[in-house]
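See below for the structure under consideration.
The numbers here are math on the coordinates, done by the rules we state, and not lab data. Worth saying up front: this structure is predicted, and the values here are computed from it rather than measured. Positions of Cβ are backbone-derived with ideal geometry, glycine not excepted, and every protein chain shown enters the neighbour counts.
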Amino acid sequence: MSVDPVLNRIDSSLPESLDRLMELLRIPSISTDPAYKAECDRAADWLVEDLTSLGAAASKRQTPGHPMVIGHIDGPGPHLLFYGHYDVQPVDPLNLWDNDPFDPQIEDTPKGKVIRGRGSADDKGQLMTFVEACRAWKAEHGSLPCRITFFFEGEEESGSPSLIPFLKENADELKSDVALICDTGLFDSRVPAITTMLRGLLQEEITITGPSRDLHSGMYGGAAMNPIRVLSRIIAALHDDSGKITVPGFYEGVPELPDDVIQQWEGLGFDHKAFLGDVGLADLAGEAGRSALEMLWSRPTCEVNGIGGGYQGEGFKTVLPSTASAKISFRLVGQQDPHAIRESLRAMINDMVPNDCKVEFKAHGASPASVMPIDNPVFEKARQALSDEWPDEAAFIGCGGSIPVAGYFQTLLGTESMLIGFGKDDDQIHSPNEKYDIESFHKGTRSWARILAALTK
Ligand code: BES
Ligand code: ZN
């Protein structure tokens, strides 16, 4: 089965492919907000119907949270598992969007046409590149070149609470020769990429409570302990002056990069001035003595993602608040153990809380880092296929973000993952005005057609 007519069909049916993506984007499937539960369900139904339309045996699988979608198309070996997520991030602050986040529009920009809307790049646009490649293949040849299982999750953006039990219960159905995950980016607009390392993620929420109610800060201030002061001291203590993280034992299991990887990354010519310049910054803020790509891809981090306490409204209120809280996350690498780090963090914080305050911890996600086995021949085949589609050769890159499913495929199914995606740094994922380049969508779809051909030759 030749790929050329499939590529031609992808080109000629681009408008219909985009129409289908727009339909999916109109469904506000925000997984973290219970108010959108029915919409998550609707997105799952939409995908079941769409997969069915291309000949897959597809169904929605209930979980305690949002449903999963699974579809099978039979074919000769190998058996490929394709993963994407249909849930999206919340849209706030809504006033910073130029348009309704769930009324996607195709827009002309100085850098080319884009489709703008929540989920366009993360991850609905990306998952549809694979679906559309399969559709074109099927339409052209009557069947697919290999056996494919589609697996779509609706809780990726909210920590995947149902994923581990679901994978355990459905391992036999999902086990395959290799998993393809489309939820990452290009290296840049000329250089496609296979992501070979993902950071893990540990999320912890802490709440400090001091006085039994909010107090007048003149009447009590000075004598009463302020929980914001306690919280600030804790947060300030998490990094030392060289940018290292101070949680005891934190660096256990953090490897140094092998020389060949250091050299390969240096060869990518990453321009950190431009990368930071695009978001109004200039200076690297990570550990002293590390390159920008190390800071982003291979070093662990600690970030405060949110902080609250006291009066946040207009004007000013002289209050000494009863509580203060923060959401803190750590990106992990190598063999760092999220559970051990959570315990160590809690012990460190407990030691810093004065007598008059108490601290409560709320555990959120905890997933380890993962590294892909690029000596598996599928990586070189896919790299070739990508290089045929894009102006420059494909690169093996790291990724600062986290996609816990990749690690679970490895440990729970024994299936290795290959991460290929077409997002760009300026897609504004998780932010207002998220977009996906039409070029990402179009060449992404073409890339998958080529990869299917390459993996089944
Ligand atoms: N698609 C992203 C992961 C990603 C981010 C890939 C940046 C490439 C570049 C994914 O949907 C995501 O945002 N993951 C979360 C993890 C989750 C456990 C909340 C993340 O990385 O914060
Ligand atoms: Zn994503």
| field | Charge dipole (the chain, unit charges on Cβ, about Cα centre) - positive-most of Pro258, Cys302, Pro432 | value | Cys302
| note | In this structure, the FRET efficiency calculated for Ala285 and Leu14 from their beta-carbon separation, with R0 = 45 Å, to the nearest 0.05, is 0.65
| task | Could I have the simple spin-label model distance between Asp4 and Asn95, label points 7 Å from Cα toward Cβ, reported in nm to one decimal? | result | 5.8 nm
| said: Testing the spin-label approximation: label points 7 Å from Cα along Cα→Cβ at Thr63 and Asp260. State their distance in nm. | reply: 3.6 nm
| query | According to the Cα gyration tensor, what semi-axes, each the square root of 5 times an eigenvalue, does the equivalent ellipsoid of the range 307-363 have, listed from largest to smallest in whole Å? | reply | 30, 16, 7
| message | Using the Kirkwood radius over C-alpha pairs as Rh, can you work out the diffusion coefficient of the range 82-175 via Stokes-Einstein at 10 °C, viscosity 1.306 mPa s, in µm² per second? | response | 100 µm²/s
| Which distance in Å, rounded to a whole number, links the C-alpha centroids of the range 178-252 and the range 140-164? | 31 Å
| said: So if each residue of separation counts as 0.36 nm, and I subtract the Cα-Cα distance between Asp214 and Asp240, what length gain in nm does that give? | reply: 6.1 nm
| Contour minus end-to-end for Leu268 and Ser431, with contour as 0.36 nm per residue of separation and end-to-end as the Cα-Cα distance? | 56.0 nm
| said: If you scale each eigenvalue of the Cα gyration tensor by 5 and take the root, what three semi-axes come out for the chain, rounded to whole angstrom and sorted largest first? | reply: 41, 25, 22
| query | Between Lys111 and Lys362, 0.36 nm times their residue separation minus their Cα-Cα distance comes to what? | reply | 86.1 nm
| Sites Ser143 and Ser53, calculated FRET efficiency, Cβ-Cβ separation with R0 22 Å, nearest 0.05 | 0.90
| request: Report, to two decimal places, the Cα Rg of the range 351-418 normalised by 2.2 N^0.38 Å (N = number of residues). | output: 1.83
| query | Can you run phi through the Karplus equation (6.51, -1.76, 1.60; θ = phi - 60°) for the range 40-54 and list ³J(HN,Hα) in whole Hz, with x for Gly and Pro? | reply | 5, 4, 5, 5, 4, 4, 4, 5, 4, 5, 5, 5, 4, 5, 9
| note | Dividing the helical contributions, -39500 (n - 2.57) per DSSP H run of n ≥ 4, by the residues of the chain yields a 222 nm value, nearest 500 deg cm²/dmol, of -9500 deg cm²/dmol
| Where the Cα pairs of the range 130-228 fall when distances are cut into 5 Å bins, in % | 2, 7, 11, 12, 13, 12, 8, 6, 5, 6, 6, 5, 4, 2, 1, 1
| remark: Checking rank on 4-10, 351-357, with mean other Cβ inside 10 Å and highest first, the result is 4-10, 351-357
| query | Which whole-number percentage describes the relative contact order of the chain, with Cα contacts under 8 Å and a sequence gap of 6 or more? | reply | 26 percent
| FRET E, pair Ala340, Lys37, Förster distance 35 Å, beta-carbon r, rounded to 0.05 | 0.50
| message | Using only the alpha-carbon atoms, what does the range 404-450 span along each of its principal axes? Please give whole angstrom values in decreasing order. | response | 36, 30, 11
